[in-house]
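Here is the structure we will look at, set down as C-alpha cells.
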Amino acid sequence: MSCEKFRNTEYCKCNRNRIITIFEKGHPQIKYVLKNERENELCVVKIDGGFIKDEQLMKCDFLALNCNTFTLYFIEMKGSDFMQAVKQIKRTIEILLPEIDAKIVNARIVLSKVSVPQYENNPEYLKLKKIIKKYNGTILQKTRLLEEVVN
C-alpha cells in the first residue's frame, strides 16, 4: 500500500477528517484544502525539509495520499513562479513514484500571486503532463486557495 511507506515517519499525519487543510508555516494565506466526504484514510507528508531532507534536490512541498483509492496529490505552494513549481513536482514524482503503489497521480500548484506564463508548450510542463496522464490524473493551479473533493 502506498501509505505504508510514509505512515510511521515523523513527517506524515494520517486521519479520516472530513476537511484537511494544508499550508506552509509562515504562509497561511496559501492553502490547499481536501474535502474528504467519504472519510477515507488520508495521509499528508511534508516532503521539502521533511521526508526528503537533501536541500540540493528539487522537490515539492507536500504529498497527500488517499490510502483507500491509491490516489496521490503532489502539492507545491509557490510565490508566483509557476514553471518552478512544475519542475519541483515533476522531480518529486520521478523520485518517489517508483516506490509507491499508485493508481492516480495528480499535480496541484497553489500560487500566492497571479502570474502564470504561457506554459502549454513548455518542455517541462509537457513532461509533467505526460506523467500525470499516464496515471489518469490532472494538473490544477489556483491562486491562494485550491479546494477539491477527494476521489
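The values are calculated or read from the model by the stated rules, or taken from the named source; none is laboratory data. Here the structure is a predicted model, which is why all the values come from computation and not from measurement. Glycine also receives a Cβ, built like all others from the backbone with ideal geometry; neighbour counts cover every protein chain displayed.
For Ile109, state whether it is outside any helix (DSSP H, G or I), of a type in the set (A, V, I, L, M, F, W, C) and either closer than 17 Å to Ile22 by Cβ or modelled with pLDDT of 90 or more (or both).
Criteria met by Ile109.
Which of the residues belonging to region 83-138 are touching a residue at least 60 places away in the same chain (Cβ under 8 Å) and over 24 Å from Leu65 (Cβ atoms)?
Ser112
Quick grid of which residues meet (1) under 17 Å from Glu148 (Cα atoms); (2) small (Gly, Ala, Ser); (3) under 16 Å from the mean Cα position of the chain (by Cα):
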| residue | (1), (2), (3) |
| --- | --- |
| Glu37 | yes, no, no |
| Asp48 | no, no, yes |
| Met58 | no, no, yes |
| Ser80 | no, yes, no |
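Filter region 98-141 down to the residues that are charged (D, E, K, R) and surrounded by 14 or more Cβ atoms within 10 Å (Cβ to Cβ) and list them by number.
Answer for region 98-141, where residues must be charged (D, E, K, R) and surrounded by 14 or more Cβ atoms within 10 Å (Cβ to Cβ): Lys103, Arg108, Glu124, Lys127, Lys129.
Can you give me the ranges of the strands (runs of 3 or more DSSP E) entirely in region 1-102 with at least 3 residues that are under 18 Å from Gly137 (Cβ atoms) and in contact with a strand residue (DSSP E or B) (Cβ under 7 Å, 6 or more places away or on another chain)?
Those strands (runs of 3 or more DSSP E) span 27-35, 42-46, 62-66, 71-78.
Taking Glu148, is it surrounded by fewer than 16 Cβ atoms within 10 Å (Cβ to Cβ), within 22 Å of Asn36 (Cβ to Cβ) and out of contact with any Cys (no Cβ under 6 Å at 6 or more places or on another chain)?
Yes: the conditions hold for Glu148.
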